[in-house]
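Notes follow the structure.
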Amino acid sequence: MPLLGVNIDHIATIRQQRREFDPDPLKGALICQEAGADSIVAHLREDRRHINDRDVIALKKALKIRFNLEMSAAPGVVKVACQVRPDQATLVPERRQELTTEGGLDVVRHFRQLKGVCARLADKGIAVSLFIDANFVQIDSAKKLGVSIIELHTGPYAEALNAKARKAELKKLALATQYARSLGITVNAGHGLKYHNTVDVARIPGMYELNIGHSIIASAVFLGLHQAVREMKELAR
Ligand code: PXP
């Protein structure tokens, strides 16, 4: 049974709409922890559009479960990671214009840059994971980089247009998991996983952890809206 990492970026997204203090991603992370999350994931983007440096420091200090900092290999962000020392760093590609991470990191193309970044993070005692497509060549490169964890990009599976395409993507994820496990690499997966499409990925033999954000935070809005309105109505009275 895979573990669950909860990505709390979108709690911070709502906060940043007003540049105020609410809702506080740390408070959200503590609720996730209490609800059984195995790790908390937060993406410190270069433009700081949601999670900021203060959040990352607070998360590191308060969490009892693993803190997985998602980040690009940009020098400024690597510097923050080395100072904060999360339990894990997951390296992802980042484009400023994108709404969310769009593809896996090309570890073949960026091998030399990643070698240095992985070594710097590992030197600080941070477990390094690479977010990559379910592709054997990428997995081989990750192995050569010496990382012990990868996260397979489930976006193509989640966005598949029909059952046949979804099945084919699921098979790619299963084969990639099997191959990486045979190399001694821990395999996580995430991106675009929702309540209706997670079970099949969770069933992949050898899958260690699923990292899920948007669908959980979206669901939380409706789970809490009824009570939130009732409380305000009470005050209005
Ligand atoms: N894993 C990685 C590497 C991601 O970039 C993201 C999105 O921030 C997630 C998991 C979570 O994706 P989603 O919000 O679609 O569940």
Under 5 Å from the placed amide H of Ser129, counting only residues 5+ away or on other chains, we find Ala89, Thr90, Leu91
Return a single number: how many Lys pairs in the stretch 1-119, at a sequence separation of 8 or more or on separate chains, have alpha-carbon atoms below 17 angstrom apart.
5
For an R0 of 35 angstrom, estimate the FRET efficiency from the Cβ-Cβ distance between Ile14 and Ser182 and round to the nearest 0.05.
0.25
Mean separation of Cα pairs under 8 Å and 6+ residues apart, divided by the residue count of the stretch 89-237: what relative contact order is that in percent?
18
To test your reading of the geometry: what angle, between 0 and 90 degrees and rounded to tens, separates the Cα axis of helix 75-84 from the longest principal axis of the chain?
70
Whole-number accessible area per residue in Å² for the chain, which is evaluated in the context of all protein chains at 1.4 Å
55
With everything on Cα atoms, drop me the angle between helix 25-34 and the longest principal axis of the chain, reported from 0 to 90° to the nearest 10.
80
Normalised per residue, the volume of the convex hull around the Cα set of the stretch 126-237 (Å³)
120
Sites Ala35 and Ala165 - FRET efficiency at Förster radius 35 Å, r taken between beta-carbons, to 0.05
0.60
Can you tell me the orientation of helix 214-236 relative to the chain, as the angle in degrees between its alpha-carbon axis and the longest Cα principal axis, to the nearest 10?
10
In whole Å, largest first, the alpha carbons of the stretch 185-225 cover along the principal axes 41, 17, 13
What is the extension gain from Gln83 to Ala119, computed as 0.36 nm multiplied by their sequence separation minus the C-alpha to C-alpha distance, in nm to one decimal?
11.5 nm
Rank Ile217, Val229, Ala174 by how far each Cα sits towards the positive end of the charge dipole of the stretch 164-237 (+1 on Lys, Arg Cβ; -1 on Asp, Glu Cβ) and give me just the farthest.
Ala174
So if I place +1 on the C-beta of Lys and Arg and -1 on the C-beta of Asp and Glu, and nothing else carries charge, what would the dipole magnitude of the stretch 128-237 be about its Cα centre? I want it in debye, nearest 20.
260
Computed FRET value (nearest 0.05) for Val137 with Glu98, which takes r as the C-beta separation and R₀ as 22 Å
0.40
How far, in nm, would the chain grow between Glu231 and Leu3 when pulled straight, counting 0.36 nm per residue and subtracting the alpha carbon separation?
78.6 nm
I need the shape label for the chain. Rule: rounded when a/c is under 1.5, else prolate if a/b > b/c, else oblate, with a, b, c from the alpha carbon gyration tensor.
oblate
Once you have a ≥ b ≥ c as the square roots of the Cα gyration tensor eigenvalues for the stretch 7-47, tell me rounded if a/c is under 1.5, and otherwise prolate or oblate according to whether a/b is larger than b/c.
oblate
For the stretch 190-237, which whole-number percentage of the solvent-accessible area (1.4 Å probe, protein heavy atoms only) is attributable to carbon and sulfur atoms?
63
Based on the alpha-carbon gyration tensor of the stretch 1-105 and its eigenvalue square roots a ≥ b ≥ c, which shape applies: rounded if a/c is under 1.5, prolate if not and a/b is larger than b/c, or oblate?
rounded
Restricting things to Cα coordinates, could you compute the convex hull volume per residue of the stretch 74-142 in Å³?
94
Give me the percent of accessible area attributable to carbon and sulfur for the stretch 117-178, probe 1.4 angstrom.
55
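The values are calculated or read from the model by the stated rules, or taken from the named source; none is laboratory data. These figures come from a predicted structure and were not determined experimentally. Here the Cβ is made from the backbone with ideal geometry for all residues, glycine too, and neighbour counts use every protein chain on show. When the accessible area is computed, the model is the full protein with side chains, heavy atoms only, and any ligands, DNA or RNA have been set aside. Shrake-Rupley method; radii C 1.70, N 1.55, O 1.52, S 1.80 Å.
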